[in-house]
Amino acid sequence: MFRARLPFCQVFCLGLMVMLWSPRVWAGQALPDKIALSESFEGELPDFHTYQATYAADEMRARTGKRSLRVMPTGGSGGAYFKLQGLIDPTRDYEFLVWVHAESAHAASLYISASDGKTRHTKGRARREAKQGDWVRLVGHVRAKEWRETDQEIMLAMTGSQEIWVDDVTLLATTVPDPPSQVYPEVERRLRAEADKRPIRLARGKRIVARASNGAFASDSAVMEARAVQSDTLQITPNGLLTFAIDADEPLYVTGSLLLTPDSDLRPGLRVTVLCNTTVVAAPMVEAEAWEGVGNPLTGPAPEITGTRPPDRVPLVEWRLPKGRSYLTLAGPHFRPGGTFRELELRALERKADAPSYQFALFSDTHLSTASPGEWMNVKMGNATAPELATTLQSLAKEGIDFAVLAGDMTDRGTREDVQVLAGVLEKAPLPVAGCIGNHDAYHSSSRPDLLELCGRLFPGGRTDYVIQKPPLRFIVLDASYWRTPEGDFVDRYDAKNARGIGLRPAQVEWLRKTLTEDTRTPTVVIWHYAFTNRRGNSSCGYKLPGAICLSSQDVLGILEAAPNVVATLCGHAHWNEVNRVGRVTHLQNPSFAEWPNAFRVVRVYPDRLEWEVRQPGNRGFIRESFLAHKALSWMLSTGEGDLAGEVRF
């Protein structure tokens with residue numbers, strides 16, 4: 001097809017005119033806010049699309065005015081949907097919010113979705129951000145870059161698993177700030193560059209003491225600012241970061257303490273997270289009398305109670321400091337100030353830090369998915385998790401980690417689409433990865449076949465029960481995710497009406513017995529998704545710890561304790577960190593990677609022992625987005641003494 005060419009000067013002038021007329025470009029100014037939708041249900045109701053629900057104006061409850069919208073599901077879940085076609089400018093960011101009243105804190109869901117002509121997909125999902133009496137405000141965003149040319153039938157969904165009331169709905173075209181996960185890498189660069197101006201050197205057998213003035217401070221992990229600290233003390237803001245540059249001429253075993261005056265906010269939970277690079281070396285808590293979530297013991301928000309004032313002196317675990325430049329950081333707890341920092345004391349031990357035989361990383365509950373982030377205890381990061389996991393694996397490989405293990409719930413829904421997300425991460429992984437089936441990986445009869453087809457490298461020999469020989473250790477991996485029926489059979493798919501728990505099939509138990517008896521000398525580590533044992537009781541901040549075992553846990557625990565060479569078990573499932581030592585066996589339970597505290601373990605293997613530590617991803621913006629400040633649930637990172645670092649002798 002013939003196309004006329006404009007002279008260069010005309011092209012230049014046209015381009016200049018576009019720039020002059022574009023408010024986004026001119027003088028760097030953002031477009032003015034514009035209300036696309038505002039509805040308080042005082043007049044005639046809009047023509048809603050509905051799904052498994054009816055709706056009506058209601059005068060029994062109203063946040064403002066006289067009426068609200070009552071949405072009544074007729075199925076398990078349903079709702080009313082604003083039709084937004086014609087109201088959306090795809091070049092704009094949007095904020096949407098609604099006030100909701102419901103009997104259960106998790107009954108309501110607010111999101112914007114669109115169709116591509118074949119399937120619907122979620123563009124943005126709202127989170128709870130404020131409460132006013134019995135009403136809760138849900139707020140969500142869709143950025144301009146997330147709109148697609150194929151988007152059609154765009155809707156704002158107000159859905160519930162039970163009867164809900166909604167009021168004061170607003171859809172605003174605005175400028176949405178970049179999320180913390182996108183901003184943080186630059187914050188970290190500036191913070192470390194400032195800390196590099198005043199490094200601290202540590203040598204074997206030596207002790208150093210640092211004040212705030214020896215470090216650099218960023219008051220907010222989502223604001224691109226970092227500065228030198230002029231005073232010896234400093235208040236740690238909720239999302240603030242105080243960082244020190246530490247130099248070592250050789251790897252060192254280090255411990256120490258910090259002096260931190262607690263904040264006046266004494267709700268139970270995390271005070272600060274102290275990290276060396278990404279290794280958690282302290283997670284001190286405010287402790288209160290035994291408590292659990294409001295409304296739901298596991299997922300409900302922390303109660304508004306006051307704990308006891310913790311001591312100022314906070315011990316650090318013993319950890320391995322690598323050779324070269326490292327960064328020790330105090331990170332605020334997201335939901336309150338971290339207190340006033342006064343002193344950091346570091347002591348390098350005389351013991352030489354020998355090189356391990358090999359190292360591996362243990363992940364659990366990555367919940368990889370195509371879906372948007374969604375709330376559980378905090379936020380499961382959904383489709384944002386895969387790139388963060390991929391980045392973490394890249395960093396671990398550069399560090400010299402030999403392989404990784406995913407201890408179950410690798411995907412969120414066990415669908416082929418979610419398995420494809422996992423396959424995409426594995427395809428780019430620069431180190432071997434072994435897998436384990438969790439309950440979320442076993443929802444459908446197609447789940448295991450899809451995993452074996454698309455992610456076969458996870459399962460040596462094409463089996464989901466298998467053995468890895470890696471001297472001086474032997475690893476046994478078990479697939480305990482078969483659903484028991486009312487008749488006592490175990491099946492490979494989840495049926496909500498008939499499932500009576502989850503565990504091993506009898507033949508698998510016999511395979512385990514046989515495998516253990518074939519070698520009673522090699523130190524053995526057993527991996528599956530569920531806890532082998534839980535200590536229950538209260539966590540370090542008073543939270544009432546539940547159990548996370550499966551149907552087979554008690555029987556299998558007896559088998560493992562009878563084996564003379566089982567030294568440790570590794571698992572996930574519960575989304576919190578827990579370590580239990582029962583007889584000769586140490587049981588390590590990983591927190592979730594997809595949900596706060598977004599943690600994992602690195603294990604160093606020596607001829608006579610293994611050493612382990614807890615880490616978090618390098619992007620603290622990702623971690624921040626996974627935390628719901630209004631719920632203040634921060635107990636999962638450290639639930640008891642000795643769960644951040646340790647060793648297992650064999």
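The values are calculated or read from the model by the stated rules, or taken from the named source; none is laboratory data. Quick caveat: nothing in here was measured; it's all calculated off a predicted structure. Positions of Cβ are generated from backbone atoms using ideal geometry, with glycine treated the same way; all protein chains shown enter the neighbour counts. Only protein heavy atoms, including side chains, enter the accessible area calculation; ligands, DNA and RNA are left aside. Shrake-Rupley method; radii C 1.70, N 1.55, O 1.52, S 1.80 Å.
Can you name the residue in region 435-448 that is in contact (Cβ under 8 Å) with a residue 40 or more places away in the chain and open to solvent by 10 Å² or more (accessible area, probe 1.4 Å) and, of all such residues, is farthest from Leu368 (Cα to Cα)?
The selected residue is Ser445.
Name the residue that is modelled with the lowest pLDDT, counting only residues in region 53-87 that are under 26 Å from Gln152 (Cα atoms), hydroxyl-bearing (Ser, Thr, Tyr) and open to solvent by less than 60 Å² (accessible area, probe 1.4 Å).
Ser77
Does Pro523 qualify as being touching a Ser or Thr at 6+ places or on another chain (Cβ under 6 Å), over 30 Å from Ser634 (Cβ atoms) and either open to solvent by 10 Å² or more (accessible area, probe 1.4 Å) or not aromatic (Phe, Trp, Tyr) (or both)?
Answer is no for this residue.
Within region 492-532, how many residues turn out to be over 17 Å from Asp465 (Cα atoms), in contact with a strand residue (DSSP E or B) (Cβ under 6 Å, 6 or more places away or on another chain) and among the charged types (D, E, K, R)?
1
Within region 511-522, identify whether any single residue is at pLDDT 95 or above, closer than 22 Å to Asp409 by Cβ and not small (Gly, Ala, Ser), and answer yes or no.
yes
Any idea which residue in region 207-251 is nearest to Leu346 (Cα to Cα), counting only those that are touching a helix residue (DSSP H, G or I) at 6+ places or on another chain (Cβ under 8 Å), touching a residue at least 60 places away in the same chain (Cβ under 8 Å) and of a type in the set (Ser, Thr, Tyr)?
Thr243
Given the conditions (1) more than 19 Å from Val281 (Cβ to Cβ); (2) open to solvent by 10 Å² or more (accessible area, probe 1.4 Å); (3) out of contact with any helix residue (DSSP H, G or I) (no Cβ under 7 Å at 6 or more places or on another chain), report the number of the one that Asp365 does not fulfil.
(2)
Confirm whether Thr119 is more than 27 Å from Gly293 (Cα to Cα), free of Cβ contacts under 8 Å to residues at least 12 places away in the same chain and polar (S, T, N, Q).
Yes, satisfied.
Please indicate, with yes or no, whether at least one residue in region 88-95 is in a loop (DSSP other than H, G, I, E, B), at pLDDT below 95 and open to solvent by less than 60 Å² (accessible area, probe 1.4 Å).
So far as region 88-95 goes, no, none of its residues is in a loop (DSSP other than H, G, I, E, B), at pLDDT below 95 and open to solvent by less than 60 Å² (accessible area, probe 1.4 Å).
Scan region 614-633 for residues that are more than 22 Å from Gln394 (Cα to Cα) and either among the basic types (Lys, Arg) or over 12 Å from the mean Cα position of the chain (by Cα) (or both) and report the count.
Result for region 614-633: 5.
Testing Asn565 on (1) among the polar types (S, T, N, Q); (2) buried (at least 24 other Cβ atoms within 10 Å of the Cβ); (3) farther than 18 Å from Leu298 by Cβ, one condition comes back false. Which one is that?
(2)
Determine whether region 634-645 contains at least one residue that is open to solvent by 10 Å² or more (accessible area, probe 1.4 Å) and outside any loop (DSSP other than H, G, I, E, B).
yes
Working carefully through the options Leu512, Leu451, Leu431, Leu516, find the one that is touching a residue at least 24 places away in the same chain (Cβ under 8 Å), in a loop (DSSP other than H, G, I, E, B) and open to solvent by less than 80 Å² (accessible area, probe 1.4 Å).
The unique qualifying residue is Leu431.
Results for (1) touching a residue at least 60 places away in the same chain (Cβ under 8 Å); (2) closer than 13 Å to Val254 by Cβ; (3) surrounded by fewer than 20 Cβ atoms within 10 Å (Cβ to Cβ), shown as yes or no for each residue.
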residue: Glu304; (1), (2), (3): no, no, yes
residue: Thr308; (1), (2), (3): no, no, yes
residue: Leu321; (1), (2), (3): yes, yes, no
residue: Ala331; (1), (2), (3): yes, no, no
residue: Gly339; (1), (2), (3): yes, no, no
residue: Ser369; (1), (2), (3): no, no, no
residue: Pro373; (1), (2), (3): yes, no, no
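Quick check, is Thr464 modelled with pLDDT of 95 or more and touching a strand residue (DSSP E or B) at 6+ places or on another chain (Cβ under 9 Å)?
yes
Scanning region 580-611 for residues that are part of a strand (DSSP E or B) and either without any contact (Cβ under 8 Å) to a residue 40 or more places away in the chain or among the β-branched types (Val, Ile, Thr) (or both), which turns out most open to solvent (accessible area, probe 1.4 Å)?
Arg581
Mind checking which residues of region 377-405 are within 23 Å of Phe475 (Cβ to Cβ), of a type in the set (A, V, I, L, M, F, W, C) and either open to solvent by less than 10 Å² (accessible area, probe 1.4 Å) or not in a strand (DSSP E or B) (or both)?
Residues satisfying the conditions are Leu389, Leu393, Leu396, Ala397, Ile401, Ala404, Val405.
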